[in-house]
1. Using beta carbons and a limit of 9 Å, which pairs, at least six apart or on different chains, have the first residue in segment 255-275 and under 16 Å from His197 (Cβ atoms) and part of a helix (DSSP H, G or I) and the second one β-branched (Val, Ile, Thr) and at pLDDT below 90?
2. Please go through (1) closer than 30 Å to Ser56 by Cα; (2) buried (at least 17 other Cβ atoms within 10 Å of the Cβ); (3) at pLDDT below 90 for Ala131 and return the number of the only condition it doesn't satisfy.
3. Which residues, counting only those in segment 177-206, are modelled with pLDDT of 90 or more, crowded, with 19+ Cβ neighbours inside 10 Å, among the hydrophobic types (A, V, I, L, M, F, W, C) and in contact with a Phe, Trp or Tyr (Cβ under 8 Å, 6 or more places away or on another chain)?
4. Using the structure shown, decide if Asp71 is in contact (Cβ under 8 Å) with a residue 40 or more places away in the chain and not aliphatic (A, V, I, L, M).
5. Regarding segment 270-285, can at least one residue be identified that is within 21 Å of Pro186 (Cα to Cα), aromatic (Phe, Trp, Tyr) and surrounded by 11 or more Cβ atoms within 10 Å (Cβ to Cβ)?
6. Somewhere in segment 238-250, is a residue surrounded by 14 or more Cβ atoms within 10 Å (Cβ to Cβ) and among the hydroxyl-bearing types (Ser, Thr, Tyr)?
7. If you take the residues in segment 175-219 that are of a type in the set (Gly, Ala, Ser) and part of a loop (DSSP other than H, G, I, E, B), which one is nearest to Thr67 (Cα to Cα)?
8. Scan segment 207-229 for residues that are crowded, with 16+ Cβ neighbours inside 10 Å and not small (Gly, Ala, Ser) and report the count.
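The values are calculated or read from the model by the stated rules, or taken from the named source; none is laboratory data. In this text, all values refer to a predicted model and were calculated from it rather than measured experimentally. Positions of Cβ are backbone-derived with ideal geometry, glycine not excepted, and every protein chain shown enters the neighbour counts.
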Amino acid sequence: MMSDAAPETPQPTLPDPARRGIKKGLYLLPSAFTAANVGMGFYAVMGALRGFQLLSDGNEYDLLRATAHFDNAARAIGWAVLFDALDGRIARMTKTTTEIGIQFDSIADVLTFGIAPAVLAYAWGYGASLAEGSALHKLGWFLSFMFLICGAFRLARFNVQATRPRPLAEGTVKVDKKSFVGLPIPAAAGLIAAIVHFTPQPLSVYGPGPGQVYSGLLMILIALLATLMVSTVRYSSFKSVGAERRSTRIVIVLIAAVGMLVWLYSRYVLLTIVSLYVFHGVGLRLVSLLRRRSVTSQST
C-alpha cells in the first residue's frame, strides 16, 4: 500500500558560521606576519636615520644613543627575517596562499630587506665615516642604490619563476623547489644586520684612517651581496627540512638548540649562521666548477 505523502526532499546543509569565521581568520594570519615584516622594516629605517642624526653632534652621550639605535635597527631586520620565513610557511600549511598575499609579501621584502639594510649600511658605515661629497662617499651612495635595485630584481625574478617554473628563455635556469637561484634578499639583508649587531658602534668612531678602510670593506661586501642576488648561484631553500616524520624530531631539537644559542650569544651565532649561508652557495659553485674542469681534463 502506497502512501499519498510526498517524499521528503533533503535539506541543504548550511555552512557553519563558526567554521567560516575560522577560515577567514586563517587567511588573515599570513598577512599579519607580513604586516609585522613591514613594521620591522619601517622601524629599522627610522632607527638608522635617528642614529645618523645623533652622530652629527659628536658628544659621547649621543654616540651611545646612536649605537643603540643602530643595534635596534639591526635587530628589527633580524625579526623581519623570522616573520618573512613564517608567513610563507603558515600560508602553505593552512592552504591560504593568495595572489594578493604574494604581492604584499614582495612589496614588504623590498622595504625591509632592500631599503632598510641599504640605509642602515650607509648611516652606520660609510655615510658617517667618509667625507661628504668625496669620491668614496658618492660610491657608497651608488652601491647602496645598486643593492636596492638588485634586491628588487631578485624578488621580481623569483615571482616570475615561481609562477612559470619552465625556462623563460634559452639558458634560463629551471626552478628547483629545493634551492633558490641567486642569493635570497632576506639573507643579504640579514648579513648586513648581523654585522651591525655584532659591532653596533658606527665606523666613524675608528677615526679617519681605519674608518675609511672599514668603509671600503663594507662597500665591497655590499657590491658582492648585490651581485650574488642577481647571479645564478644556487642556495638551499630548506623547504624539505622536517618533511619526513623521522627527521621532525631532529629538526625540533636543532631549532630549540639554535634558538637558545641565539638568545645567549646572539652577536656571534647570528653572524656565523648568516655568513655560512651566504658563502655556502659560492663554495658549492666553486666545487662544481672544479669538478667540471677535472672531468673535462680527464676526457681530453
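1. Between residues of segment 255-275 that are under 16 Å from His197 (Cβ atoms) and part of a helix (DSSP H, G or I) and residues that are β-branched (Val, Ile, Thr) and at pLDDT below 90, the close pairs are Val269/Val258; Val269/Val262; Leu270/Val262; Ile273/Val258; Ile273/Val262.
2. Of (1) closer than 30 Å to Ser56 by Cα; (2) buried (at least 17 other Cβ atoms within 10 Å of the Cβ); (3) at pLDDT below 90, only one is false for Ala131: (2).
3. Leu183, Ile185, Ala187, Ala188, Ala189, Val196, Leu203
4. Answer is yes for this residue.
5. yes
6. No, because not a single residue in segment 238-250 is surrounded by 14 or more Cβ atoms within 10 Å (Cβ to Cβ) and among the hydroxyl-bearing types (Ser, Thr, Tyr).
7. Among residues in segment 175-219 that are of a type in the set (Gly, Ala, Ser) and part of a loop (DSSP other than H, G, I, E, B), the one nearest to Thr67 (Cα to Cα) is Gly207.
8. Of the residues in segment 207-229, 10 are crowded, with 16+ Cβ neighbours inside 10 Å and not small (Gly, Ala, Ser).
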